Amino acid sequence: MAIGATGGVKPGSILALERRLYRQLIVGKQKMPRIQDELDRELESVVFKLDIERAAVFERIERQQKAREVFEAVSKQLTDTIMDEIKLTLGDMDRLLQRSSLTETQLALFEQLCKANPELGRIRLLMSGIGWLSRDLTNVVNSTAFRQRHPQRADVRVTDIKLVLNFIGVENLRQLVPYYSMRNWLPSGHSCLLWPNRKLWQYALACATAAKALAKLHESNETLAFISAFLEQFGITMVLGTASAIYEKNWGNWLREASASRDKELYDAVMATEFPAEKVLEEVLLHSSRLAWEIPARLNFADHALTLNLKALDESLTVTDMPMDAQILAKATCFVRVMTLEESNLLEPQEAREMYRYYGLSEQEILRLKAQNYRRMELF
């Protein structure tokens, strides 16, 4: 499809570029530059050992025609079993809601933070119902970095959530709550997602930073834009978390059965079967945008601006059909996609211009976005 007017029906070339971005995040083998806040550091040694073991297995398989045939047959059967279960689960909203790390309480907290004058008592009550978030914010207040910035509190160790919230303040909460929420949504503990998680984490931080900058430029609700940009990635975390859990369950079961059978070729074939990232990518493209708004909608937030903006991003045929807040998200995401692909040498200059033209980024918007620091977020 040829490029039409700015914000018209999305052409195939733009879809291909966006697919390239998701492929880099989920399938690409390039490791992201180390960022300030790394995730699952303890998994690195596990992944390293598993990579070495799989490389040795592949070397043995390559030396024997029969072993190659066994590997191809077993790996296909295992992968098909995994993908069938993934597709079945992603099509069952009730099952997805049960495993979702996003809750109605979190959404209510986001709602408060988006208000011009949040109710601190309500925030404190909601925070008390989110144990991991209370612990994360308490750790922030008691961290060395926080104490250095607030020397008058250096000798005070805070444990009461009311004092924690008072020390942090509403403006910092508007950044810290969605920041730690995104961390919680990322599927942790899965060796197959070590690098995708880190890439998605950095991508999400950049999208949130860009959205907040554009919202400020257009005098829109900066907190709404910041939280919405994180929530836009929630659907991806749901698909990846579901897929990785199903893969590791089936792969582990098959590996134990192969070990019990004492069939070396069968064991090697199962061991060498990796997470089907290419096939999971298709599920991300199919489901993630919908899940980003449909799960909040099922959690009684169908009419909130957070949900409506994400629904508009998913369902609007053109950029110009979207409300202004959704257009801000779309433009911010466009800029970060271009930046991410350029950093990986996966984008030509004319393709970047094509993306900017389609999403209608003005020169002023591009200059504002280029001025942001996407490597480090000032959290307090």
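Per residue, the solvent-accessible area of the stretch 168-284 (1.4 Å probe, heavy atoms of protein chains only, all protein chains present) comes to 31 Å². Each 20 Å bin from zero holds the following percent of Cα-Cα pairs in the chain: 26, 54, 20, 1. In the context of the full protein assembly, ARG122 retains an accessible surface of approximately 90 Å², using a probe radius of 1.4 Å and ignoring ligands and nucleic acids. For MET377, the solvent-accessible surface with a 1.4 Å probe is about 30 Å², rounded to the nearest 10. Estimated translational diffusion coefficient (Stokes-Einstein, Kirkwood radius over Cα pairs, 4 °C, 1.567 mPa s) of the stretch 65-194: 71 µm² per second. Rounded to the nearest whole Hz, the Karplus-based 3J(HN,Hα) values (6.51 cos²θ - 1.76 cosθ + 1.60, θ = phi - 60°) of the stretch 276-286 follow the sequence x, 4, 4, 6, 5, 3, 4, 6, 4, 5, 7, with x at glycine and proline. In order along the stretch 187-198, the phi-based Karplus estimate (6.51 cos²θ - 1.76 cosθ + 1.60, θ = phi - 60°) of 3J(HN,Hα) comes to x, 9, x, 9, 4, 5, 10, 4, 6, x, 4, 5 Hz; Gly and Pro are listed as x.
Compactness check for the stretch 155-233: Cα Rg over 2.2 N^0.38 Å is 1.30.
ARG149 contributes an accessible area of around 130 Å² to the protein surface, as traced by a 1.4 Å probe with all chains present. Based on DSSP H segments of at least four residues, each scored -39500 (n - 2.57), the chain has a per-residue ellipticity at 222 nm of -23000 deg cm²/dmol. Spatially, the stretch 198-235 and the stretch 261-315 are offset by 20 Å when compared through their Cα centroids. A 1.4 Å probe over all protein chains sorts LYS279, LYS370 by accessible area into LYS370, LYS279, starting with the largest. Modelled spin-label separation between LEU125 and LEU50, with each label point placed 7 Å from Cα along the Cα-to-Cβ direction: 4.3 nm. The Kirkwood hydrodynamic radius of the stretch 221-363, based on inverse pair distances between different Cα atoms, is 17.8 Å. Cross-linked pairs LYS199/LYS311; LYS49/LYS279; LYS10/LYS370; LYS76/LYS199; LYS212/LYS331; LYS87/LYS279: Cα-Cα separations exceed 18 Å for LYS199/LYS311; LYS49/LYS279; LYS10/LYS370; LYS76/LYS199. Cross-link partners for LYS249 among the aspartates and glutamates, with Cα-Cα distance under 17 Å and sequence neighbours closer than 8 places in the same chain left out: ASP80, ASP84, GLU85, GLU257, GLU274. Annotation: Cα Rg of the stretch 236-278 relative to the compact-globule expectation 2.2 N^0.38 Å equals 1.31. Ordering HIS287, HIS218 by accessible surface, largest first, gives HIS218, HIS287; the 1.4 Å probe counts only protein heavy atoms, with every chain in place. Computed from the mean reciprocal separation of all distinct C-alpha pairs, what Kirkwood hydrodynamic radius does the stretch 133-265 have, in Å? For the stretch 133-265, the Kirkwood estimate is 17.7 Å.
Structural descriptor for the stretch 40-177: relative contact order 15 percent, calculated from alpha carbon pairs under 8 angstrom and at least 6 residues apart. When only Cα pairs below 8 angstrom with a gap of at least 6 residues are kept, the chain shows a relative contact order of 28 percent.
The values are calculated or read from the model by the stated rules, or taken from the named source; none is laboratory data. Treat the numbers as computed from the prediction; the structure is a model and nothing was measured. When we count neighbours, we look across all protein chains shown, and the Cβ atoms used for this are built from the backbone with ideal geometry, even at glycine. Please note that ligands, DNA and RNA were not included when accessible areas were found on the heavy atoms of the full protein model with its side chains. Shrake-Rupley method; radii C 1.70, N 1.55, O 1.52, S 1.80 Å.
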